1. What is the extension gain from residue 146 to residue 117, computed as 0.36 nm multiplied by their sequence separation minus the C-alpha to C-alpha distance, in nm to one decimal?
2. At 0.36 nm per residue, minus the direct Cα-Cα distance, what do residue 159 and residue 137 gain on full extension? Give it in nm, one decimal, please.
3. Set the Förster radius R0 to 25 Å, insert the Cβ-Cβ distance between residue 173 and residue 109 as r into 1/(1 + (r/R0)^6), and round the FRET efficiency to 0.05.
4. Work out, step by step, the length gained on full extension between residue 101 and residue 75: first 0.36 nm times the residue separation, then minus their alpha carbon distance; give nm to one decimal.
5. In the neighborhood of residue 151, defined by Cβ-to-Cβ distances under 15 Å, what is the net charge if each Lys or Arg adds +1 and each Asp or Glu adds -1?
6. What net charge is computed for the residues neighbouring residue 74, neighbours being all others with C-beta under 14 Å from the C-beta of residue 74, Lys and Arg scored +1, Asp and Glu -1?
7. Once you list every other residue whose beta carbon is under 9 Å from the beta carbon of residue 176, what net charge do they have if Lys and Arg are +1 and Asp and Glu are -1?
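Please treat every number below as a calculation from the coordinates, not as lab data. Keep in mind the model is a prediction, meaning the values are calculated, not measured. Positions of Cβ are backbone-derived with ideal geometry, glycine not excepted, and every protein chain shown enters the neighbour counts.
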Amino acid sequence: MHVTYWLEEDLPLRFLRALVPMLSACVPVGMCLFALQHAPPPPMQPERTAHILNMVAHDGAAQTAQALSRQKGWADVQHAVTSGQPDAARLVPALLPSADSHTTRTLYKTMQAALPKHPAVVLAAAKQGTSIQADLQAVCSPIGMSHTWRQQARQAVAHVHDVHLSDRAQRCLNRLDG
């Protein structure tokens, strides 16, 4: 009976001894994860986007597109689209005609991915004029996209109520349904 009492009394101590190293490892990891989760967003983009728009205004779209290619600056344009920055609606149509074919396809894919979350910005970023149909066909095409994307994109575009974008929204919905 004496042995059983000793084992029962030692059990909580054993548990605590095993628990202390685990807690000492988990607490710092948890604090790091908390800090990462509540870290301020990286600096950018409205300032960078405004700078690129300023470059287009002063240097022209062709020279700006070349500079973005040399400096790997197209990621800033993509970020403007994916984050739904309103300036993306002016930036993309200004630069797209001067972009190479690979960059154009990449921007279309970026716009396509952003369509469910930022439909008004994406539709506004579609080029003005006669080639608008080509942009909308690429951006609103459900080919290669998941069924979930298609549903979310359709719902998002259907909720765009900007009068200036109504024609584009309808064309996009037709393409999504097609």
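1. Net length gain for the segment: 8.9 nm.
2. Details: separation 22, 0.36 × 22 = 7.92 nm, distance 1.92 nm.
Net length gain for the segment: 6.0 nm.
3. For R0 = 25 Å, the calculated efficiency reads 0.80.
4. Fully extending the segment from residue 101 to residue 75 adds 7.8 nm.
5. In short, +3.
6. +3
7. Details: positive: 150, 154, 175; negative: 177.
My count for the surroundings of residue 176 gives +2.
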